[in-house]
Amino acid sequence: MAFNPEKFITEATEAIRKKIGKEKAITALSGGVDSFVAATLAAKAIPGQLRIVYVDNGLMRKDETKRVSETARALGVDLKVVDARKRFLDALKGVSEPEAKRKIIGEAFVRIFEEEAKGHGSTFLIQGTIAPDWIESGGMGRDTIKSHHNVGGLPEKMRLKLCEPLRELYKHEVRMVGKGLGLPEAIYQRQPFPGPGLGVRVVGEVTEEKVAIVQDACDITESEIDAAVKAGKMERPWQYFAALLPSKTVGVRGDERAYQYTVIVRAVRSLDGMTANFSHIPQDVLEKISTRITNEIRTVGRVVYDITNKPPGTIEME
Ligand code: XMP
């Protein structure tokens, strides 16, 4: 039977009300489709019992905090912004193993939610976990591909009870629900962004300098692909972004030898993120992305385009 977003909204709102009862809940808005839809459903279900928090973990897209705050304000959503940039960067210092990074990020998020929940008196955490998150985190006896931060990254003894209204949905269904809830298209059509943020796009150890490089490289990649889509040169990929490799390579700047970072540009077609094919991007668009990245980010000397499908790759680098 075809997915019916209106029916889902009615049933999910009722299910949230029933689950939370007379207690209070906290929910986190990351700016992505899943969390926006989960928070909007929650706000509809239990308006007087909810606190909506946005955690700036220093691993968000360029200007994201400003953008999310403005969008929430325009939607009439009362948002509490928590500046936790230093806390996350400190916790990630010296850590380069991907699963360890994911666990640290997941744990820091949950600790912050617990602190916020305590101040608000909430006993529940409402999360926008969707089906691929828990399937890939080793759900139903499957192998763990990655611990998605809102699943495998959760500390075992979390003090908050969980409510995950989107747990059975796939991304395209979440977008339909977002549209049904009346969210702006710029939100429900937004490309997915991983829970651990740019932490999984800085390969290896995360530093402030490297996050800033990835923010700029992602911004250039997104804006050039958006422009190409608008000009009718290509279809919008499922996801398009940049990541940073930990090793440097040799190049030339002017007449001098340069030893600089390598950025990977990635764009994929996919329906639900479970499998994906790399996108065929017009050569001139790739060239513009590469030229802009090396011109505008002076510490990057090489740009490569990722031509790996999933499987055997994954969409993100870690
Ligand atoms: P991978 O890299 O596993 O990603 O092929 C599949 C899709 O999931 C996103 N992703 C995440 N989303 N928490 C999330 O909510 C996470 O920890 C996480 N890791 C990856 C990724 O961006 C892609 O859309």
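The values are calculated or read from the model by the stated rules, or taken from the named source; none is laboratory data. Note that the structure is a prediction, hence the values are computed from the model and not measured. So basically every Cβ, Gly included, is an ideal-geometry build from the backbone, and we count neighbours across all protein chains shown.
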The condition from (1) surrounded by 19 or more Cβ atoms within 10 Å (Cβ to Cβ); (2) modelled with pLDDT of 95 or more; (3) in a loop (DSSP other than H, G, I, E, B) that Phe8 misses is numbered (3)
Return only the number of the condition from (1) surrounded by 14 or more Cβ atoms within 10 Å (Cβ to Cβ); (2) modelled with pLDDT of 80 or more; (3) outside any helix (DSSP H, G or I) that Gly152 does not satisfy. (2)
What are the residues in region 13-49 that are among the charged types (D, E, K, R) and within 16 Å of the ligand (Cβ to nearest atom), if any? Asp34
When you check Arg298 against the structure, is it assigned to a loop (DSSP other than H, G, I, E, B) and either among the hydrophobic types (A, V, I, L, M, F, W, C) or within 23 Å of the chain's Cα centre (by Cα) (or both), yes or no? no
Cross-chain or 6+ apart pairs with Cβ under 6 Å, region 280-307 first and of a type in the set (Phe, Trp, Tyr), then outside any loop (DSSP other than H, G, I, E, B) and surrounded by 13 or more Cβ atoms within 10 Å (Cβ to Cβ): Tyr305/Val265; Tyr305/Leu286
So which of Glu97, Glu107, Glu70 ends up being without any contact (Cβ under 8 Å) to a residue 40 or more places away in the chain and either within 16 Å of the ligand (Cβ to nearest atom) or aromatic (Phe, Trp, Tyr) (or both)? Glu97
Any chance Pro184 is surrounded by 23 or more Cβ atoms within 10 Å (Cβ to Cβ) and either closer than 20 Å to Val68 by Cα or modelled with pLDDT of 90 or more (or both): no
Would you pick out the residues in region 297-318 that are away from the ligand (no atom under 12 Å from the Cβ) and among the basic types (Lys, Arg)? Arg298, Arg302
Looking at this structure, is Glu114 away from the ligand (no atom under 16 Å from the Cβ) and modelled with pLDDT under 90? yes
Matching residues in region 90-134 - criterion: being of a type in the set (Val, Ile, Thr), more than 15 Å from the chain's Cα centre (by Cα), surrounded by 18 or more Cβ atoms within 10 Å (Cβ to Cβ) and within 23 Å of Arg201 (Cβ to Cβ): Ile104, Val110, Ile112
Identity of the residue in region 155-188, assigned to a loop (DSSP other than H, G, I, E, B) and free of Cβ contacts under 8 Å to residues at least 24 places away in the same chain, that ends up farthest from the ligand (Cβ to nearest atom): Gly182
Out of curiosity, is Ala276 within 16 Å of the ligand (Cβ to nearest atom) and either of a type in the set (Ser, Thr, Tyr) or at negative phi (or both)? yes
Among residues belonging to region 32-82 that are closer than 21 Å to Pro194 by Cβ and among the acidic types (Asp, Glu), point out the one that is surrounded by the most Cβ atoms within 10 Å (Cβ to Cβ). Asp34
